[in-house]
Amino acid sequence: MKKYSYVGISFIILVFGIILIPRIVNRVKKSSIVENDRMSASNPIVNQKLSYIKINGKPRKVPEFAFLNQDSLPITNHDFKGKVFVVDFFFTSCPTICPKMSKNLVYLQDKLKDYKDFGVASFTINPRRDTPSILKKYAENYGISNPDWHLLTGEREDIFDLANAGFNIYAAENPEVPGGFEHNGHFALIDKDGYIRSRYDASGNPIIYYRGTIGVEEKKDENGEEEQITILLEDIKKLLEEDE
């Protein structure tokens, strides 16, 4: 009797094996199991479109601006229409975070050299010193070659209003800090229609701005904050290819 029981159990196992094993193999081949596990364990929204940064429920656009660039040419927000671009606030005599920020932007420039619709708008927060000729030398020193990378200067009040009210990126004059100015090292990402965009974090919230002070090779800073130039590069490409 036991012999027939074992034969029956063996037969059932064999039948289930014939039915299920090909399905499991097929799923593995398509990486569906691995991908689903990875997505749920780390970032379940990695494939979603980038977030629109909203103020009072409305997507936030780049504010109107008009300044002179390093070639003494007038540049406005309309010159970036149809381009994906990064915005940052810096000053050429900055002894702390600005050199890192500029190097990271040059890294992006070089990685995106084959894309004609990528630009950068770098606004100096020390316009009294940073004239177009000073900005021109700065561009040469850092190897800025993208014709759509504009280093912009103008009225001090207009620039500070653009940073603090327009983008909510902090910038202020402070004689007690190195260089005389304090600001954060955030990069804002702007799409072809002038909207501020960003990716979501693992909790489903937009990160809003990207850290610009940590290089790809550094990976983390002394506080354990991870570099975001890699994900910024990915998101720029995503916007460049959006709706193409």
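The values are calculated or read from the model by the stated rules, or taken from the named source; none is laboratory data. Note that the structure is predicted; figures quoted are calculated from it, not measured. Here the Cβ positions follow ideal geometry from the backbone for every residue, glycine too, while neighbour counts run over all protein chains shown. Keep in mind that these areas ignore ligands, DNA and RNA; they rest on the heavy atoms of the full protein, side chains included. Shrake-Rupley method; radii C 1.70, N 1.55, O 1.52, S 1.80 Å.
Can we say Gly179 is of a type in the set (Gly, Ala, Ser) and in contact with a Cys (Cβ under 8 Å, 6 or more places away or on another chain)?
yes
Which pairs do you get when a residue that is within 22 Å of Lys103 (Cα to Cα), found in the range 75-92, comes within reach of a residue that is of a type in the set (Ser, Thr, Tyr) and not in a helix (DSSP H, G or I), reach meaning Cβ atoms under 6 angstrom, with the pair 6+ apart or on two chains? Listed by first residue and then by second, the contacts come to Asp88/Ser122; Phe90/Ser122; Phe91/Thr124.
Residues in the range 203-212 that are open to solvent by 40 Å² or more (accessible area, probe 1.4 Å), assigned to a loop (DSSP other than H, G, I, E, B) and touching a residue at least 24 places away in the same chain (Cβ under 8 Å): 1 in all.
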